[in-house]
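Below is one structure, written out as structure tokens; comments come after it.
Just so it is clear, none of the values below were taken in a lab; they were calculated from the coordinates. For clarity, every value in this text was computed on a predicted model and none was experimentally measured. Positions of Cβ are generated from backbone atoms using ideal geometry, with glycine treated the same way; all protein chains shown enter the neighbour counts.
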Protein chains: 4
Amino acid sequence: MMETQSPNKGTLNHKNMMQECIENCSRCHTVCLETYNYSLWLGGRYSESVHLRLLLDCAEICQTSANFMLRGSDLHRETCRACAVVCDNCAEDCERYTVSGTGEGAPMSKHSGPPQVSKENVDDQMKYCAEVCRECAKSCHAMAEMPLQM
Amino acid sequence: MMETQSPNKGTLNHKNMMQECIENCSRCHTVCLETYNYSLWLGGRYSESVHLRLLLDCAEICQTSANFMLRGSDLHRETCRACAVVCDNCAEDCERYTVSGTGEGAPMSKHSGPPQVSKENVDDQMKYCAEVCRECAKSCHAMAEMPLQM
Amino acid sequence: MMETQSPNKGTLNHKNMMQECIENCSRCHTVCLETYNYSLWLGGRYSESVHLRLLLDCAEICQTSANFMLRGSDLHRETCRACAVVCDNCAEDCERYTVSGTGEGAPMSKHSGPPQVSKENVDDQMKYCAEVCRECAKSCHAMAEMPLQM
Amino acid sequence: MMETQSPNKGTLNHKNMMQECIENCSRCHTVCLETYNYSLWLGGRYSESVHLRLLLDCAEICQTSANFMLRGSDLHRETCRACAVVCDNCAEDCERYTVSGTGEGAPMSKHSGPPQVSKENVDDQMKYCAEVCRECAKSCHAMAEMPLQM
């Protein structure tokens, strides 16, 4: 297959990176809204305006950034750049709620809804959200810095 | 775990159905934007305004509908109802481009970017999009008809 | 000019109604997000999850509904129908915060940011939001019931 | 009233600038979708994929950028920065369709639907869209460069 026979421009490596970035943005969007819902339900310090706002910000820019890439827009680097910054801010905020900040903890290999409620589990949700945000930030940062593939 | 200890209301079955519907909406949103991009690139009868518009309509209401469910909104039945109708319309339109309309064809078990370009493959993309839309419509219709679980 | 020479189908009356509905949806989206921000800042009973969620729901479906109309989609009646229900629910919820429920109060002819903070003014913001939601609901309901103009 | 008594941080001047930027983003979003609809209807060189894609990109990032500001997000500078670049790109593209590129032309003081169809009027719609995009870009650029007001 010739490259010119596909609407997705660029080398195979570039395409794989973009596909991965779209998936990271999509997962981050989902997890941020789940965490928003969970935080609102928990209340107390979990429903602080800064926390809730960052989760909504992150969900929305992830959605927009994914949409730019899905539409094959040349300007996806602009939204990816903004997305990387917002994701890092959201991750940092979620880490405030975990014991050790950036703690290791058992990896939540497959996310299937918010964990059961306990002090430890609440931390798990925030830690999981932080991890997903960091991964998305990394991937968006890479896309933002990559030269356009024609 | 008691049901009341989770932000997700309803029975286990209801939760699974909603989780599945969120995933269907999310996949349908993605595939519609990919198909939009692909159709625009193909041009000709694939870039007819009716076709392009339906793909955008479907992508957007799927996104909105998924967001309502992710936020745990009691009003998700309203967006699911609208989503079911839009998905069915989009599926019907995509089926216009396939040889047999609702044809069977080899299932595209794992979607990884638009298929290579040939008459047959173009049909595959439209057929795949139609299938994903039909599945989403079915799932949204079920959610719209289900009584609220408290 | 013949009607067929414009991308906006339908009679002049239908066009005016749609234009008005787009403006109502757009204003309602804006006021709901302003009220969300304001409620989160006020805290206490204003940041109850039901209230915050409805404001986000209403903002999002108004946006989606306006986008369908702006794109000239034949399916705008589906999103308008959902929008009307969500707006009415959001209005009802905002009215809970006002003294008399549906109280009259001085009309806020020109909205320029949240009012100064006092018990009375807080009520004004919620009352204003309720009024804007009711107006949008009415207009969306009319669009949803109107036959398609070809 | 003390500044701290309002959810909108910053000096009066900063508030006015943000209010103006929200309005510019909102108008730009609307005009880009109207122009998308119009271009799709015109067909031919007006429905080139680059043109259609930029109009959708611009509409979406304007919406996201306005939403960040309406939610009072500290991170609005990131979305405003992306928005400024996308708006400038969209303006440049629309100017390709006008006779003189950046031509003056009669200002369309109040936009009320796409103009009547003629070579000159089509140019008017593209010119109007370009003007609205330029204004939005300018305003977003100013917001992106402004230090956060606490």
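Observations on the structure shown:
- Simple spin-label estimate for A:Glu135 and D:Glu145 gives 3.9 nm between the two label positions (7 Å along the Cα-to-Cβ direction from each Cα).
- Prolate/oblate/rounded label for the range A:12-79 (Cα gyration tensor, a/c 1.5): prolate
- Here the residues C:Glu145, A:Glu20, ranked from fewest to most Cβ neighbours within 10 Å of their Cβ, fall in the order C:Glu145, A:Glu20.
- Cβ-based exposure ranking for D:Tyr128, C:Tyr36, in which fewest neighbours within 10 Å come first: D:Tyr128, C:Tyr36
- Least to most buried among D:Arg81, C:Arg96 (fewest other Cβ within 10 Å first): C:Arg96, D:Arg81
- When C:His14 is represented by a point 7 angstrom out along its Cα-to-C-beta vector, the spacings to that point in the other copies are 4.0, 4.5, 4.9 nm, nearest first.
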